[in-house]
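Q: For reference, the structure I am asking about is given below.
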């Protein structure tokens with residue numbers, strides 16, 4: 001076990017420096033963010049200006065406002081001495097070798113003997129930056145290449161030099177994975193390391209295709225979602241990165257790789273050069289390969305450099321392929337396609353696979369390192385070698401040879417082994433998924449849920465519905481599982497899954513159909529779900545929710561009912577029912593009011609109104625937390641929730657929470673029979689707040705109506721004065737207010753719009 005870093009200094013407060021500092025602060029470190037001294041009276045002017053810009057970024061780079069306070073601003077003239085107290089110093093100044101070397105010299109004179117030093121350079125040799133430094137310094141020096149934005153992109157490339165102490169490398173890998181939540185890949189000290197080397201190659205192939213008769217839209221279609229890559233594909237990504245940045249990287253890379261067999265691919269094309277020369281730099285200048293004009297997205301004509309409306313795609317019938325849910329099936333269908341789409345895909349993917357294979361061991365030691373780098377850094381669903389396996393190892397190898405593309409010796413060796421033993425390119429080492437670390441054995445399942453044995457007497461209830469919604473089968477299955485766990489020797493239950501998102505909430509389509517039937521089934525369902533969540537909250541054995549990503553509506557209510565929660569730091573949770581014309585109906589309001597009462601009792605001498613107003617605004621505006629830490633501040637997660645920077649560990653940590661609770665003798669929470677509500681005076685105050693928002697144009701008339709129904713429940717219904725009520729009283733009010741809303745035309749419009757367009761309607 002290594003000692004974690006608790007303090008850090010980030011030298012350079014530019015775009016990357018500020019965001020690295022933010023991510024370290026999110027992870028709990030105290031961070032000194034330093035930059036050049038200003039020339040005016042305020043020597044912190046540069047660092048303060050950069051930091052203010054960072055605070056305004058969207059999506060936010062800090063978990064909460066409190067997190068941002070862990071960053072201490074300073075300048076190189078007055079505060080450089082602060083590096084003497086830090087565990088880790090990260091250099092993130094301008095990409096100039098001389099400047100970086102001089103900064104290393106100054107660092108060495110100030111830091112402790114055990115301080116680890118790293119550089120975030122993306123284009124300079126790591127070993128060169130530490131040139132001239134002592135042996136002791138070089139042994140604790142390495143590259144730590146964060147991908148932008150560091151909070152949201154998982155990849156961290158760690159680049160040791162020949163002098164780096166192996167223990168320093170292992171400590172950085174461990175800290176990056178466990179404490180920063182990163183996917184760490186060890187890269188060689190080669191130009192652009194792993195992800196940018198392969199990623200730039202793929203981008204330049206896309207630029208080349210413009211000279212082969214393909215349009216920008218066609219290339220983006222074939223290099224986007226259909227191929228398991230981000231929606232931004234090739235040219236939208238280039239616009240976001242900046243065309244000047246793209247040209248800078250390519251210009252530096254070309255002379256740095258004289259022995260690369262595909263070096264000419266990186267020669268800057270004339271089109272890119274012209275665009276940069278004319279100040280057409282992408283999103284930051286309002287136009288690049290795309291331009292938004294009068295709400296219409298225009299694309300660049302490479303011949304005339306004029307912006308034109310998109311032309312119809314000439315790629316054959318891709319609709320059937322795009323609807324295939326399995327990525328492997330889509331890739332194989334594209335590969336076999338005999339039209340223009342297939343021709344582009346086969347050529348580009350074969351070149352990519354050949355190039356990636358030829359980079360081993362130059363830039364990485366294994367196919368898995370390259371695969372992980374592309375998945376974590378560029379958002380590919382499958383890395384190059386995973387794609388190779390999906391298309392068929394022998395098929396791709398034969399096609400590479402037929403096309404005369406380079407095939408490295410190690411692939412030929414793999415080919416010979418595969419003839420003796422069934423083997424894939426990626427069969428040697430794969431990154432564990434969140435559930436692959438655990439011995440998950442199926443015990444029970446229905447079409448949309450399953451119960452899995454996690455070992456040691458702990459079981460996992462897993463949603464398998466579309467979007468992990470709380471469908472009828474999920475709800476019925478959960479009730480059945482609770483019976484099983486309660487009447488068996490199982491020690492406890494984890495509710496979670498290995499998906500990117502925990503739950504999208506209630507199944508709106510099912511609810512709409514039940515409401516239209518008028519059979520009373522929807523009322524029965526609400527009672528059933530409320531009863532189920534109450535049972536979870538007071539269950540005699542420990543129940544732990546393991547959550548990540550989006551946790552919305554009914555999913556949020558389920559988590560709020562769980563006495564214990566393990567949450568990935570990147571958890572976005574909220575009661576969003578008002579966006580579909582409803583209010584929370586399964587205890588979300590009751591538990592939010594309880595939270596407000598508890599906060600008031602501990603923080604404000606029983607002055608509940610401010611906390612109630614906060615809850616009212618949070619639910620009324622359908623606010624979703626931007627992190628698990630903010631979810632605690634909003635009352636969606638308990639203060640005791642375990643928040644993990646590395647969300648991949650959530651299931652195994654949740655299992656340990658169950659076992660720990662069981663060992664110490666688990667006792668469920670006491671029942672709440674005295675919850676303070678404010679009655680009509682409190683309701684009037686909340687309704688006035690809604691009126692103010694309506695008059696200011698912030699909410700619609702129907703939003704105001706829904707807010708008033710929310711206020712009615714939150715303050716205890718028709719109570720004329722403040723009073724103490726129990727949980728069942730508030731649950732009944734939730735049901736009585738929820739059910740009539742389903743028959744409202746505007747609510748039905750909102751539900752239909754959300755189901756069709758996957759986004760809310762504020763009618």
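Just so it is clear, none of the values below were taken in a lab; they were calculated from the coordinates. This one's a predicted model, so the numbers in the text were calculated from it and none came from an experiment. Positions of Cβ are generated from backbone atoms using ideal geometry, with glycine treated the same way; all protein chains shown enter the neighbour counts.
Q: Hey, what angle do you get for helix 393-402 against the long axis of the chain, alpha-carbon based, 0 to 90 degrees rounded to 10?
A: Rounded to the nearest ten degrees, it is 30.
Q: Let me ask something additional. At q = 0.15, 0.17, 0.24 Å⁻¹, what log₁₀ I(q)/I(0) does segment 107-189 have when each alpha carbon counts as one equal point scatterer in the Debye sum?
A: Cα-only, vacuum Debye calculation for segment 107-189: -0.51, -0.65, -1.19.
Q: Restricting to segment 7-186, what percent of DSSP beta bridges are antiparallel, rounded to 5?
A: Numbers: 5 of 30 bridges.
Beta bridges within segment 7-186, antiparallel portion: roughly 15 percent.
Q: So if I restrict to the alpha-carbon atoms in segment 588-696, what is the Rg, and what is Dmax, the biggest pairwise distance, in Å?
A: Radius of gyration, then largest Cα-Cα span, for segment 588-696: 17.3, 56 Å.
Q: Hey, another quick one. For P(r) over Cα pairs in 20 Å bins from 0, in percent, pick the label among (1) 11, 32, 32, 18, 5, 2, 0; (2) 16, 46, 30, 7, 0; (3) 15, 42, 36, 7, 0 that corresponds to the value derived from the coordinates.
A: Given (1) 11, 32, 32, 18, 5, 2, 0; (2) 16, 46, 30, 7, 0; (3) 15, 42, 36, 7, 0, the calculated one carries the label (3).
Q: Suppose we keep just the DSSP beta bridges with both residues in the chain; what percent of those would be antiparallel, to 5?
A: Numbers: 28 of 74 bridges.
For the chain, the DSSP antiparallel bridge percentage is about 40.
Q: Pull out the extension gain between residue 603 and residue 724, defined as 0.36 nm times the separation in residues minus the alpha carbon to alpha carbon distance; nm, one decimal.
A: Between residue 603 and residue 724, full extension yields an extra 41.6 nm.
Q: What angle do you read, to the nearest 10 degrees and between 0 and 90, between the alpha-carbon axis of helix 508-517 and the longest principal axis of the chain?
A: Tilt of helix 508-517: around 30 degrees.
Q: Can you sort 6, 663 from fewest to most other Cβ atoms within 10 Å of each residue's own Cβ? Let's see the in-between values first.
A: Details: 6 12, 663 9.
Result, fewest neighbours first: 663, 6.
Q: With no solvent and one equal point scatterer placed on each C-alpha of segment 195-420, evaluate the Debye formula and give log10 I(q)/I(0) for q = 0.11, 0.18 Å⁻¹, two decimals.
A: -0.56, -1.47
Q: Taking the chain as the reference, fit the longest principal axis to its C-alpha atoms, fit the long axis of helix 166-178 to the helix C-alpha atoms, and give the angle between the two in degrees, 0 to 90, nearest 10.
A: 30
Q: Restricting to bridges with both residues inside segment 439-512, how much of the DSSP beta-bridge set is antiparallel, in percent to the nearest 5? Before the final figure, lay out each step's value.
A: Working: 11 of 16 bridges.
About 70 percent, rounded to the nearest 5.
Q: Okay, moving on. How do the peptides 197-207, 593-603, 565-575 rank, highest first, by the average count of neighbouring beta carbon atoms within 10 Å per residue? It would help to have the intermediate numbers written out before the result.
A: Values: 197-207: 21.8, 593-603: 17.8, 565-575: 26.4.
Most protected by this proxy first, the peptides run 565-575, 197-207, 593-603.
Q: Report the gain in length on full extension from residue 82 to residue 689: 0.36 nm times residue separation, minus Cα-Cα distance, nm rounded to one decimal.
A: Numbers: separation 607, 0.36 × 607 = 218.52 nm, distance 4.70 nm.
That pair, residue 82 and residue 689, stretches by 213.8 nm at full extension.
Q: If packing is taken as the average count of other Cβ atoms within 10 Å, what order do 109-116, 638-645, 356-363 fall into, highest mean first? Kindly include the intermediate steps, with their values, before the conclusion.
A: On the way: 109-116: 14.8, 638-645: 17.1, 356-363: 19.4.
Sorting 109-116, 638-645, 356-363 by mean packing, highest first, produces 356-363, 638-645, 109-116.
Q: If contacts are Cα pairs under 8 angstrom and at least 6 residues apart, what is the relative contact order of the chain in percent? Working shown, then result.
A: Details: 1345 pairs, mean separation 61.9, N = 763.
Normalised by residue count, the contact order of the chain is 8 percent.
Q: Further, regarding this structure: What Kirkwood Rh does segment 7-186 have if only Cα atoms enter the pairwise 1/r average? Answer in Å.
A: For segment 7-186, inverting the mean 1/r across all distinct Cα pairs yields 16.1 Å.
Q: Which order do the peptides 466-478, 9-21 take when ranked by the mean count of other beta-carbon atoms within 10 Å per residue, highest first?
A: Details: 466-478: 20.7, 9-21: 25.1.
Most protected by this proxy first, the peptides run 9-21, 466-478.
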